[in-house]
Amino acid sequence: MLQKPGMGRLGVPPARRGVSASLPDFPWDTSAEAEALAGSHPDGIVDLSIGTPVDPVAPVIREALAAASSAPGYPATAGTARLREAAVAALDRRFGITGLTKAAVLPVIGSKELIAWLPTLLGLGPADVVVAPELAYPTYDVGARLAGAQVLLADSLTQLGPQSVTLVYLNSPSNPTGRVLGAEHLRKVVGWSRDRGVVVASDECYLGLGWDAEPLSVLHPSICDGDHTGLLALHSLSKSSSLAGYRAGFVAGDPALVVELLAVRRHARNDGADAGAGCHGGRAGRRRSRKAAARAVRAAAGGPVAGAALSRFCYRLFGSRTLLVGHPR
């Protein structure tokens, strides 16, 4: 029996190797036996795994969610100007981070989503090396694998040797160790990375939860001298505000990197208009404009048109497919 190119021996496509085959076991699956053993203890279990908040969501947050629940449109990938300005103000007020603008902030669907896709969004591939702490959040490793990049676990620059690196993850305060990186350590990593054109992604989800030492952001002027080039700080509201169920986080730092992340992420989401102050009227105005244009099409065509015929007619009438481009699913 002849075998067609790209076909199996029986004339069917060969089974593809799934992406999951390149990933480690899901961490919470591997801990099931230990969790059962701990749960059998008379005093119960102290679960330090995923860190799910137990404090209730603040009433002011629930009220804000309810007030915004009638918005029918797709959200803007970039977030509202008001949201980004609030993030800039909070970073300054809480952590002394200065020099940021709203263009240097991008909201994400929880920090895990960003960490999982950051190497891919930055265009990393098999030739790139991602450095992560030796004992750390598993998603640093998973994100690198999803991009096809190599992973190197190291807690100090001396462990890297002459290895060429593309992306370095920091996590301070660390989960699970609680270690807080000192200013000298952070400055050394920033300087080393800049000399080599390496991006530093600092996971700062626990920045406001320091205990014995005062944690510093990689964006703090004492660390980066006010220059955010090549630096990204990842923040989450899951732990600091008990909002794990809201999937709310953001990344801030180098404006050029943030703009690139936004440009790529917009292709993976239904990107709506900025839902900031006064935008409801703006959206209504745009809807009226589209309706007026649609009426013009119907009038010129002498009746309703649809599908490919509509596309061809709009092109003849307006010189473009303006009415059709960018219509989200």
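Quick check: anything in segment 174-195 farther than 26 Å from A263 by Cβ, assigned to a loop (DSSP other than H, G, I, E, B) and among the basic types (K, R)?
yes
Looking only at segment 112-147, which residues are at pLDDT below 95, out of contact with any helix residue (DSSP H, G or I) (no Cβ under 7 Å at 6 or more places or on another chain) and of a type in the set (G, A, S)?
Hit for segment 112-147 is A136, nothing else.
Exactly one of these conditions fails for G79: (1) in a helix (DSSP H, G or I); (2) under 18 Å from the mean Cα position of the chain (by Cα); (3) farther than 16 Å from A256 by Cα. Give me its number.
Result: G79 fails condition (1) only.
Would you check if there is a residue in segment 77-86 being within 29 Å of G178 (Cα to Cα), among the aliphatic types (A, V, I, L, M) and in contact with a strand residue (DSSP E or B) (Cβ under 7 Å, 6 or more places away or on another chain)?
No, because not a single residue in segment 77-86 is within 29 Å of G178 (Cα to Cα), among the aliphatic types (A, V, I, L, M) and in contact with a strand residue (DSSP E or B) (Cβ under 7 Å, 6 or more places away or on another chain).
Can you work out which of the residues in segment 156-206 that are farther than 30 Å from L243 by Cα and charged (D, E, K, R) is nearest to the chain's Cα centre (by Cα)?
For segment 156-206, the residue satisfying everything is R194.
When you scan segment 231-265, how many residues do you find that are of a type in the set (A, V, I, L, M, F, W, C), assigned to a helix (DSSP H, G or I) and within 15 Å of L121 (Cα to Cα)? Break it down into steps so the answer makes sense when it comes.
Pass one, segment 231-265, residues of a type in the set (A, V, I, L, M, F, W, C): 231-234, 237, 243-244, 248, 250-252, 256-259, 261-264.
Filter once more, so that each one left must be assigned to a helix (DSSP H, G or I): 244, 256-259, 261-264.
In the following step, the residues that additionally are within 15 Å of L121 (Cα to Cα) were identified as 256-259, 261-264.
So the answer is 8.
Output the residue which, of all residues in segment 211-230 that are part of a loop (DSSP other than H, G, I, E, B) and over 24 Å from the mean Cα position of the chain (by Cα), is surrounded by the most Cβ atoms within 10 Å (Cβ to Cβ).
Selected residue: A213.
Applying the selection to segment 68-102, what residues are over 19 Å from S241 (Cα atoms) and without any contact (Cβ under 8 Å) to a residue 40 or more places away in the chain?
Within segment 68-102, S69, S70, P72, K102 meet the criteria.
Could you tell me whether L207 is among the hydrophobic types (A, V, I, L, M, F, W, C), surrounded by 20 or more Cβ atoms within 10 Å (Cβ to Cβ) and modelled with pLDDT of 95 or more?
no
Residue by residue through segment 167-208, note down the ones that are of a type in the set (S, T, Y) and either within 13 Å of L157 (Cα to Cα) or outside the structural domain of F250 (by TED's automatic domain parsing) (or both).
Selection gives Y169, S193.
Being touching a Ser or Thr at 6+ places or on another chain (Cβ under 8 Å) and under 18 Å from A86 (Cα atoms) is the filter here, so list the residues in segment 220-245 that pass it. Can you show your working first?
Going through segment 220-245, the residues touching a Ser or Thr at 6+ places or on another chain (Cβ under 8 Å) turn out to be 221, 223, 226, 230-236, 238, 244.
L232, A233, L234, H235, S236, S238, listed by residue number.
Taking T52 as the residue in question, decide whether it is outside any helix (DSSP H, G or I) and either within 20 Å of A233 (Cα to Cα) or aromatic (F, W, Y) (or both).
When the stated conditions are applied, T52 does not pass them.
List, please: which pairs have Cβ atoms under 7 Å, are six or more places apart or on different chains, and start with a residue in segment 20-43 that is outside the structural domain of R145 (by TED's automatic domain parsing) and end with one that is of a type in the set (S, T, N, Q)?
W28/S49; S31/S49
Mind listing whichever residues of segment 231-261 are of a type in the set (A, V, I, L, M, F, W, C), under 13 Å from the mean Cα position of the chain (by Cα) and modelled with pLDDT of 95 or more?
L232, A233, L234, V251, A252, L257, V258, V259, L261
I need the full set of residues from segment 209-249 which are in contact with a Lys or Arg (Cβ under 9 Å, 6 or more places away or on another chain) and of a type in the set (K, R), in order please.
R247, the sole residue that qualifies.
Is it the case that some residue within segment 134-150 is in contact with an Asp or Glu (Cβ under 9 Å, 6 or more places away or on another chain), more than 25 Å from D29 (Cα to Cα), surrounded by 20 or more Cβ atoms within 10 Å (Cβ to Cβ) and in the same structural domain as G226 (by TED's automatic domain parsing)?
For segment 134-150, residues in contact with an Asp or Glu (Cβ under 9 Å, 6 or more places away or on another chain), more than 25 Å from D29 (Cα to Cα), surrounded by 20 or more Cβ atoms within 10 Å (Cβ to Cβ) and in the same structural domain as G226 (by TED's automatic domain parsing): absent.
Is at least one residue of segment 53-75 within 20 Å of S202 (Cβ to Cβ) and either among the aliphatic types (A, V, I, L, M) or at pLDDT below 95 (or both)?
Looking for residues that are within 20 Å of S202 (Cβ to Cβ) and either among the aliphatic types (A, V, I, L, M) or at pLDDT below 95 (or both), one finds none in segment 53-75, hence no.
What do you reckon, is L186 out of contact with any Asp or Glu (no Cβ under 9 Å at 6 or more places or on another chain) and aliphatic (A, V, I, L, M)? Explain how you work it out, then say what you get.
Numbers: out of contact with any Asp or Glu (no Cβ under 9 Å at 6 or more places or on another chain): yes; aliphatic (A, V, I, L, M): yes.
Yes.
The values are calculated or read from the model by the stated rules, or taken from the named source; none is laboratory data. For clarity, every value in this text was computed on a predicted model and none was experimentally measured. A quick note on method: Cβ atoms are made from the backbone with ideal geometry, for glycine too, and the neighbour counts reach across all protein chains shown.
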